[in-house]
1. Looking at Ser106 and the list (1) exposed (fewer than 15 other Cβ atoms within 10 Å of the Cβ); (2) of a type in the set (Ser, Thr, Tyr); (3) touching a residue at least 60 places away in the same chain (Cβ under 8 Å), which single condition is not satisfied?
2. Between a residue in the range 135-157 that is touching a residue at least 40 places away in the same chain (Cβ under 8 Å) and within 15 Å of Pro199 (Cβ to Cβ) and any residue that is part of a strand (DSSP E or B) and open to solvent by 20 Å² or more (accessible area, probe 1.4 Å), which pairs come within a Cβ distance under 7 Å, given they are 6 or more apart or on different chains?
3. In the range 162-174, what count of residues is obtained for those that are in contact with a strand residue (DSSP E or B) (Cβ under 8 Å, 6 or more places away or on another chain), open to solvent by 70 Å² or more (accessible area, probe 1.4 Å) and part of a helix (DSSP H, G or I)?
4. Hey, Ser204 hits all of (1) touching a strand residue (DSSP E or B) at 6+ places or on another chain (Cβ under 8 Å); (2) exposed (fewer than 11 other Cβ atoms within 10 Å of the Cβ); (3) small (Gly, Ala, Ser) but one; which does it fall short on?
5. I'd like to know if the range 92-109 contains one or more residues that are among the aromatic types (Phe, Trp, Tyr) and within 21 Å of Leu43 (Cβ to Cβ).
6. Which residues, taken from the range 6-53, are assigned to a strand (DSSP E or B) and either closer than 18 Å to Leu292 by Cα or in contact (Cβ under 8 Å) with a residue 60 or more places away in the chain (or both)?
7. Counting only residues that are assigned to a helix (DSSP H, G or I) and β-branched (Val, Ile, Thr), which one in the range 222-269 is surrounded by the most Cβ atoms within 10 Å (Cβ to Cβ)?
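The values are calculated or read from the model by the stated rules, or taken from the named source; none is laboratory data. What you are looking at is a predicted structure, and each value in this text was computed from that prediction instead of being measured. Using ideal geometry, Cβ is built from the backbone for each residue, glycine included, and neighbour counts are taken over all protein chains shown. The protein model used for the area step is the full one, side chains on, heavy atoms only, and it has no ligands, DNA or RNA in it. Shrake-Rupley method; radii C 1.70, N 1.55, O 1.52, S 1.80 Å.
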Amino acid sequence: MNLTILGCYAATPRTLTNPTSQVLEIKNRLFLIDCGEGTQVQLRKNKIKFSKINHIFISHLHGDHLYGLIGTISTFSLLGRTTDLHIYGPKGIKELILLQLRLTESWTTYDLFFHELESKESEVVFEDKRVIVKTIPLKHRVYTNGYLFQEKPDERKLNVEAVQDYDIHVAYYQKIKNGSDITLDDGTVVANEKLTFDPIPPKSYAFCSDTVYHEAVIPIIENVDVLYHESTFLESEAALAQKTLHSTAKEAARIALKANAKQLILGHYSTRYEGIEPFKKEAQEIFPNVLLGDDGVSFSF
């Protein structure tokens with residue numbers, strides 16, 4: 001599982017910082033999460049192949065998470081894309097994008113599919129054989145969702161030496177890898193655990209975009225491997241965080257601690273601060289395993 005931060009600063013883009021956007025690679029799928037201004041430029045800078053992105057997840061309809069979407073869609077067309085593109089986001093995102101395409105007469109070279117969200121409960125929005133994606137309802141000034149990406153468990157690994165010792169025919173190998181016990185010709189039942197090894201445990205990633213401190217997310221993201229949580233402010237601006245429905249670094253750490261997350265990544269920093277190291281320092285007072293998100297930084301888990 002790999003995460004590339006394209007942008008992780010709040011509000012307006014600057015010469016050296018970009019608004020929220022990131023790419024998650026999980027089980028050989030590339031998912032684009034949020035799409036602030038300049039996302040297509042950041043994709044190029046980070047050498048991410050546009051053609052591999054078939055699903056885009058938008059947390060909410062604030063500009064620093066959305067205004068790069070029409071540009072990204074247009075760039076895909078200019079590159080001659082023909083593969084379908086699926087966009088997940090709040091109700092209204094379809095109207096917003098289609099209006100821009102219509103008024104600019106810039107229809108895409110590929111089919112666009114919009115999956116508009118309005119439920120205030122967590123729901124599955126994407127699922128295939130390898131990955132499942134659920135919403136994480138957040139609490140912000142407009143309707144907002146985070147997203148939980150979960151790998152599905154791999155099949156069990158065949159213990160070739162063991163199956164040969166039991167003289168089990170190759171025709172049963174897939175059944176064994178699927179987790180079944182095997183009954184031998186003499187009626188003996190061989191437990192699957194004797195014929196296989198445990199697969200690599202599936203990983204999970206939770207993206208919590210703009211939100212005030214909101215403990216309702218904890219049951220949804222419990223035991224997550226990696227949690228990205230907004231940390232717009234330091235404790236000195238805690239009152240402002242409450243007023244604007246954002247979080248502090250310490251509040252992000254409290255969510256990570258209570259959810260039993262293995263790793264916390266901070267982001268969505270207010271540009272009022274001269275540096276981001278104080279965010280890590282404050283968060284580590286609550287939760288030890290803290291990483292700082294920053295533009296162009298990649299993490300492998």
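1. Among (1) exposed (fewer than 15 other Cβ atoms within 10 Å of the Cβ); (2) of a type in the set (Ser, Thr, Tyr); (3) touching a residue at least 60 places away in the same chain (Cβ under 8 Å), Ser106 violates only (3).
2. Listed pairs, sorted by first residue: Gln150/Ile132; Lys152/Ile132; Arg156/Phe197; Lys157/Phe197.
3. 1
4. (2)
5. No: zero hits.
6. Leu6, Gly7, Tyr9, Ser21, Gln22, Val23, Leu24, Ile26, Arg29, Phe31, Ile33, Asp34
7. Ranking the candidates gives Ile255 first.
For (1) within 28 Å of Cys208 (Cα to Cα); (2) more than 18 Å from the chain's Cα centre (by Cα), each residue gets a yes or a no:
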{"site": "Thr83", "(1), (2)": "no, yes"}
{"site": "Glu95", "(1), (2)": "yes, yes"}
{"site": "Leu98", "(1), (2)": "yes, yes"}
{"site": "Leu117", "(1), (2)": "yes, no"}
{"site": "His140", "(1), (2)": "yes, yes"}
{"site": "Leu148", "(1), (2)": "yes, no"}
{"site": "Lys157", "(1), (2)": "no, yes"}
{"site": "Gln164", "(1), (2)": "no, yes"}
